[in-house]
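For reference, the structure is listed below as C-alpha cells.
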Amino acid sequence: MATDILPTRASGAQQAEVTQRMGFKRWARELGWRHLIGVVAVVYAGFPILYIISSSLSEKGTLTGSNKLFAQVSFANYGKLGETRFWEWVGNTLVIASITAIGTVLMGAAAAYAFSRFRFSGRRVGLTTLLIIQMFPQMLAFVAIFLLLIALGNVIPGLGLNSRLALICIYLGGSLGVNTFLMYGFFNTIPRELDEAAKIDGATHAQIYWTIILRLVAPILAVVGLLSFISTFGEFIIARTVLQSEGNWTLAVGLYNWVSDLLEANWGLFAAGAVISAIPVLALFLFLQKYIVGGLTAGSVKG
C-alpha cells in the first residue's frame, strides 16, 4: 500500500512543477516581456543622467568614456559656477520661459475658445492653416527672423537683435499654431449647454470664458504651459541667433559657449550647470504631473 502512495505523491509533485512551469511561461508571454522592456528603457534613460552627475562631481573636468562613475566626489565645479555668469543666465532663462509659457497659454486659450464656440467666415480655413503651420519647425525660419529683427531694430530698438523681448515674441508666434489646435479639441469636450445656461443667467462671453471655461480646461492649460516652458527652456538655435551679448544669454547658449572651443572646453562646469538647469523643469513637471495624462487625451476624441 505504501508503494501505491509514493507514486501518487511523486505524480502530484510533478504535476505541480508542470503547472508552475506553465504559469511562468504564461506570465513571461503576457507580462514578462513588458517588464524586460521597462527595465531596458529605465537603464537606457537613466545611464546618461548618472553619467552627467558623475562628471559634474569630478575635479578633472573631462567627459570621456574611460572615466569610472563616481570615482571622485567633489563639489568644486558647483562652487565655480558662482564665479561665472551662470546664475545670470538662469534668471534670463526662467524669465523668458515663464513669460512665454504664460503668454502661450493665454493666447492659445483665447484662440481655441473663439474657434470652438463661435461660427465666423474663414473659421475652417483658419483651422486648416494652423494645422499646416505646425508641420514646419520654427527653426527653419531663423534666417528670415534674423533679417527681420535687423530691420525692426532700426525702427523699434527694443524689438531688434539682442533683445529678450524680441525673443519672447518669436517664441509666442511660433507656438501659437500648434497649441491652439491642441486646445481646440479639448474645448470641444466642454458642453455648450453650460454657455447657454450662463447666458440665461446674464453672463457675458468674457465672464463665461474667465470664470467657467478656463476652470474646466485647466488640464490642457497646464499641459500647454509645461510643454511651452520645456521647449523654450532648452531652445538654442533661435536664442543664439537673437541674443548677442553674454549678459542676455540663456542657459543653452551659455553652456554651449563653455564647450564650443575643444581646446578650452570646461566639461566639469558644463556638467554641473546641466544638472542644476534640469531642476526647474523637473520641479514643474512633478507639480503638473496630475494634469498631463488627462490634458493630452481628453481632447483627442472630439474635434
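Here is the figure for the range 191-226: residues that are closer than 30 Å to A97 by Cβ and in contact (Cβ under 8 Å) with a residue 40 or more places away in the chain total 13. Taken together, the residues in the range 247-278 that are crowded, with 19+ Cβ neighbours inside 10 Å and touching a Leu at 6+ places or on another chain (Cβ under 8 Å) amount to 10. Filtered by the rule that a residue be of a type outside the set (A, V, I, L, M, F, W, C) and within 15 Å of F186 (Cα to Cα), the range 102-124 gives G108, Y113, S116, R117. Which of the residues belonging to the range 210-239 are open to solvent by 20 Å² or more (accessible area, probe 1.4 Å) and either of a type in the set (S, T, Y) or at positive phi (or both)? T211, S231 - these are the residues of the range 210-239 that are open to solvent by 20 Å² or more (accessible area, probe 1.4 Å) and either of a type in the set (S, T, Y) or at positive phi (or both).
Being out of contact with any Asp or Glu (no Cβ under 6 Å at 6 or more places or on another chain), at pLDDT 90 or above and either open to solvent by 30 Å² or more (accessible area, probe 1.4 Å) or farther than 30 Å from V223 by Cβ (or both) is a description that applies to E88.
All of G202, G158, G185, G153 fail the test of being out of contact with any Asp or Glu (no Cβ under 6 Å at 6 or more places or on another chain), surrounded by fewer than 20 Cβ atoms within 10 Å (Cβ to Cβ) and part of a loop (DSSP other than H, G, I, E, B), apart from G202. On the given criteria, is R26 at pLDDT below 70 and either more than 21 Å from the chain's Cα centre (by Cα) or part of a helix (DSSP H, G or I) (or both)? Here the answer is no, as R26 does not meet what is asked.
Could you tell me which residue of the range 53-85 is modelled with the lowest pLDDT, considering only residues that are aliphatic (A, V, I, L, M), surrounded by 12 or more Cβ atoms within 10 Å (Cβ to Cβ) and farther than 20 Å from W249 by Cα? Across the range 53-85, the extreme among qualifying residues is L63. Residues that are closer than 27 Å to G268 by Cβ number at least 3 in the following helices (runs of 4 or more DSSP H) confined to the range 30-145: 33-56, 76-80, 86-117. Among the residues of the range 116-142, those identified as over 26 Å from I230 (Cα atoms) and either open to solvent by less than 60 Å² (accessible area, probe 1.4 Å) or hydrophobic (A, V, I, L, M, F, W, C) (or both) are S116, R117, F118, F120, G122, R123, V125, G126.
Look at (1) free of Cβ contacts under 8 Å to residues at least 24 places away in the same chain; (2) over 22 Å from V105 (Cβ atoms); (3) open to solvent by less than 60 Å² (accessible area, probe 1.4 Å) and you find that I145 fails only one, number (1). Counting just the residues of the range 102-115 that are of a type in the set (A, V, I, L, M, F, W, C) and open to solvent by less than 10 Å² (accessible area, probe 1.4 Å), which one comes out farthest from the chain's Cα centre (by Cα)? Step by step, filter the range 102-115, then rank; the result is A112.
Mind checking whether some residue in the range 163-173 is within 20 Å of the chain's Cα centre (by Cα) and of a type outside the set (A, V, I, L, M, F, W, C)? Yes.
Can you find a residue that is part of a helix (DSSP H, G or I), closer than 30 Å to I220 by Cβ and open to solvent by 70 Å² or more (accessible area, probe 1.4 Å) anywhere in the range 161-168? Yes, some residue in the range 161-168 is part of a helix (DSSP H, G or I), closer than 30 Å to I220 by Cβ and open to solvent by 70 Å² or more (accessible area, probe 1.4 Å).
The values are calculated or read from the model by the stated rules, or taken from the named source; none is laboratory data. What you see is a predicted model; the values in this text were computed from it and never measured. Counting neighbours? That spans all protein chains shown, and the Cβs are built from the backbone with ideal geometry, glycine included. We work out accessible area using only protein heavy atoms, side chains counted, and drop any ligands, DNA or RNA first. Shrake-Rupley method; radii C 1.70, N 1.55, O 1.52, S 1.80 Å.
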